[in-house]
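A quick write-up on the structure given underneath.
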Amino acid sequence: MQIIETTAALAEACALLAKSDYLTIDTEFLRETTFWPVLCLVQLAGPETAVIVDPMAKGIDLSPFFALMADTSVVKVFHAARQDLEIIYNLGKLIPHPIFDTQVAAMVCGFGDSVSYDQLVQKTKGVQIDKSSRFTDWSRRPLTDKQLEYALADVTHLRDVYQFLNAKLEQEGRNLWVAEEMAVLEAPGTYDIHPDDAWKRLKMRVKKPVELLVLQKVAAWREREARARNVPRSRILKDDTIYEIAQQQPADAEALGRLRTIPKGWERSQSGTALLEAIREALDTPKTDLPRLPRQPHVPEGAAAASEMLKVLLKLVSEKQGVAAKIIANSDDLEKIAIDGEEADVPALHGWRRELFGAVALDLIGGKVGLRFVNKKIEAVEL
């Protein structure tokens, strides 16, 4: 087992891996007490090579690793790639390309919704992974041989999983389906959310335009503060506190201190003062400049029943085609199709999803297709 702790050794390993058609990647990190993930290990494997990189080693420069990630001649294989890609994007200011996410590919190949790595290894290789090291504190040194072997297994088994899924996609002609999903993962906007859009993470518990603006301003302030101090958002303000501020709209320290979710005395701290400035900015905004509340869609009579029928159709199609229902459409998508029909702006009505499900879904709510139960099975029939 090769543990890389120097820049020179990393450069040598990356040069060797760059000669491969593909490489598998995984990371171990911590983020319980920070806003940005703390990278603790990087595991890399090519067809013949597997190494562990210690990014916490004194003096190591990860530039060779980022150069490898930027090499477009090598396919970068991940499982559940989003968090790994977020780390690479934040530290290296790049998104690897091309990439292959085995979790997404497994959903397209009929392994169910969000299949875990160890389940996928079990189903494709018949190997049971020892999970006893799963909750390791990866920032502690030294790591035991057992912990390192567990970490390395995340990329060595992944080679065979990739080969299996890639061959299955080729056989079934579904490579382009996965490619569409990879385009989303490779988009910078997936990882670099502007603070002014942070309110979109929150539940809509506001009824007035001014409440919405207060929610937006406070959420943006919390986002900037959490990033600057590198602490979780909840360490700055909890979501419930933002909701209460939006409803009560405290304009001074005394009013802020009366809120039940504000710790005693916090309203007179430096953070409390900065928060009040964000609140006042919202309260001083002219009524003509206030944001509009998102319109609740008009739900026509029968839409709820249509949505339920679409759920049955989705299950039918996913089982018949061997594709996880989750990757085709979710409940919100089905509701929008039931309400807006062809005008619904949902992925299920575009690309391969439309061919697989969207077109027949429109026919179902349009009365051209029906569902029937026969021989203990549900089937779709043309009317």
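Taking the range 239-257 as the range and being open to solvent by 40 Å² or more (accessible area, probe 1.4 Å) and within 20 Å of V206 (Cα to Cα) as the test, the residues that pass are D239, D240, Q247, Q248, Q249, A251. Can you tell me which residue in the range 191-201 is farthest from P98 (Cα to Cα), limited to those that are free of Cβ contacts under 8 Å to residues at least 60 places away in the same chain and open to solvent by less than 50 Å² (accessible area, probe 1.4 Å)? Among residues in the range 191-201 that are free of Cβ contacts under 8 Å to residues at least 60 places away in the same chain and open to solvent by less than 50 Å² (accessible area, probe 1.4 Å), the one farthest from P98 (Cα to Cα) is W199.
Can you list residue pairs whose Cβ atoms sit under 6 Å apart, with the first residue in the range 22-33 being over 26 Å from R233 (Cβ atoms) and the second being part of a strand (DSSP E or B) and open to solvent by 30 Å² or more (accessible area, probe 1.4 Å)? Count only pairs 6 or more apart in sequence or on different chains. Close Cβ pairs satisfying both conditions: Y22/V75. Regarding the range 178-190, can at least one residue be identified that is touching a Gly at 6+ places or on another chain (Cβ under 8 Å), modelled with pLDDT under 95 and surrounded by fewer than 19 Cβ atoms within 10 Å (Cβ to Cβ)? There is at least one residue in the range 178-190 that is touching a Gly at 6+ places or on another chain (Cβ under 8 Å), modelled with pLDDT under 95 and surrounded by fewer than 19 Cβ atoms within 10 Å (Cβ to Cβ).
Within the span defined as the range 208-215, one or more residues are in a loop (DSSP other than H, G, I, E, B), in contact (Cβ under 8 Å) with a residue 40 or more places away in the chain and open to solvent by 50 Å² or more (accessible area, probe 1.4 Å). Each residue in the range 5-63 was checked for being β-branched (V, I, T) and closer than 20 Å to A153 by Cα, and 8 of them qualify.
For the range 118-146, filtering for residues that are assigned to a helix (DSSP H, G or I), under 30 Å from D21 (Cβ atoms) and not β-branched (V, I, T) leaves 6.
A single member of A278, A282, A274 is at pLDDT 95 or above, open to solvent by less than 40 Å² (accessible area, probe 1.4 Å) and in contact with a Phe, Trp or Tyr (Cβ under 6 Å, 6 or more places away or on another chain), and it is A278. Consider P250 against the criteria (1) of a type outside the set (G, A, S); (2) at pLDDT 95 or above; (3) assigned to a helix (DSSP H, G or I): it satisfies all of them except one. Which criterion is unmet? For P250, the exception is condition (3).
I'm trying to understand the selection: among the residues of the range 116-142, which are open to solvent by less than 50 Å² (accessible area, probe 1.4 Å) and without any contact (Cβ under 8 Å) to a residue 40 or more places away in the chain? Across the range 116-142, the qualifying residues are S116, D118, V127, I129, S133.
Given the structure, is V346 free of Cβ contacts under 8 Å to residues at least 24 places away in the same chain and not assigned by the TED database to the domain that holds A246? Criteria met by V346.
Within the range 362-383, residues that are over 23 Å from E343 (Cβ atoms) and surrounded by 10 or more Cβ atoms within 10 Å (Cβ to Cβ) reach partners that are modelled with pLDDT of 90 or more and of a type in the set (F, W, Y) with beta carbons closer than 9 Å, at six or more positions or on different chains, in the pairs E379/F373.
For (1) open to solvent by 30 Å² or more (accessible area, probe 1.4 Å); (2) acidic (D, E); (3) in contact with a strand residue (DSSP E or B) (Cβ under 6 Å, 6 or more places away or on another chain); (4) in a helix (DSSP H, G or I), each residue gets a yes or a no:
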{"position": "T288", "(1), (2), (3), (4)": "yes, no, no, yes"}
{"position": "L293", "(1), (2), (3), (4)": "yes, no, no, no"}
{"position": "V299", "(1), (2), (3), (4)": "yes, no, no, no"}
{"position": "E308", "(1), (2), (3), (4)": "yes, yes, no, yes"}
{"position": "E319", "(1), (2), (3), (4)": "yes, yes, no, yes"}
{"position": "V323", "(1), (2), (3), (4)": "no, no, no, no"}
{"position": "L334", "(1), (2), (3), (4)": "no, no, no, yes"}
{"position": "G341", "(1), (2), (3), (4)": "no, no, no, yes"}
{"position": "G358", "(1), (2), (3), (4)": "no, no, no, yes"}
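Only one of the listed residues (Q248, Q270) is in the same structural domain as L215 (by the TED database) and in contact with a Leu (Cβ under 8 Å, 6 or more places away or on another chain). That residue is Q248.
The values are calculated or read from the model by the stated rules, or taken from the named source; none is laboratory data. Nothing here was measured: the structure is a model prediction, and the numbers come from that model. When we count neighbours, we look across all protein chains shown, and the Cβ atoms used for this are built from the backbone with ideal geometry, even at glycine. Ligands, DNA and RNA are excluded from the accessible area calculation, which covers all protein heavy atoms including side chains. Shrake-Rupley method; radii C 1.70, N 1.55, O 1.52, S 1.80 Å.
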